[in-house]
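Read the structure below first, then the notes.
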Amino acid sequence: MNKPTAIRYAIAAAVAMALVSLPLAGSQRVDTEETRVLRVVQEVFDYLAERDSEAMKTLFWPGAVLVSDRPGPDGDRRQGFTPVEEWAESLAGAAGDRVIERVVDPEVRIDDNIAAVWTDYTLEAGDYAADGVDAFHLVKQDGVWKIISLIYTHNPKD
């Protein structure tokens with residue numbers, strides 16, 4: 001083997017080894033603004049399952065509100081408005097089965113320090129099941145994302 005060919009083989013082998021040693025795309029966790037926003041949303045569901053009202057309050061901006069849209073007793077849709085502090089406090093004293101809410105295919109939009117997450121969800125609590133849409137609105141202040149509102153539909157399953 002002549003010297004130029006040997007050098008080409010050596011370079012090719014070095015490049016191949018360098019490529020093999022690189023992590024595959026997606027194999028390392030990338031902490032983006034989108035993942036940070038989704039982490040806050042997931043923590044809402046985690047603290048809901050744990051009924052941890054104090055931890056839940058830390059995720060929301062002071063004065064935040066929850067707005068629900070659900071079927072009324074006569075079949076029409078009714079809206080309810082609940083301050084987050086009141087809702088969070090109700091978690092601690094709630095009895096019954098553990099509430100498991102799961103995000104389904106979230107869509108995240110971010111512009112500077114505001115974000116919105118629109119996602120379908122499923123909810124289970126013992127024999128009770130429901131689904132709907134959650135719409136979270138968040139603001140980032142001092143590098144921390146806080147929820148300023150959660151608007152959701154609630155559709156019980158028979």
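The values are calculated or read from the model by the stated rules, or taken from the named source; none is laboratory data. Computed from a prediction, not measured in an experiment: that's the story for all the values here. Using ideal geometry, Cβ is built from the backbone for each residue, glycine included, and neighbour counts are taken over all protein chains shown. Please note that ligands, DNA and RNA were not included when accessible areas were found on the heavy atoms of the full protein model with its side chains. Shrake-Rupley method; radii C 1.70, N 1.55, O 1.52, S 1.80 Å.
Structural remarks
- Selection of strands (runs of 3 or more DSSP E) fully inside region 40-158 by the criterion of at least 1 residues being open to solvent by 20 Å² or more (accessible area, probe 1.4 Å) and of a type in the set (A, V, I, L, M) returns 60-71, 100-111, 114-125, 128-141, 144-153.
- Here A116 fulfils each of the conditions (1) on the phi > 0 side of the Ramachandran plot; (2) small (G, A, S); (3) touching a His at 6+ places or on another chain (Cβ under 6 Å) apart from (1).
- Checked against (1) at positive phi; (2) without any contact (Cβ under 8 Å) to a residue 24 or more places away in the chain, R51 meets all criteria but (2).
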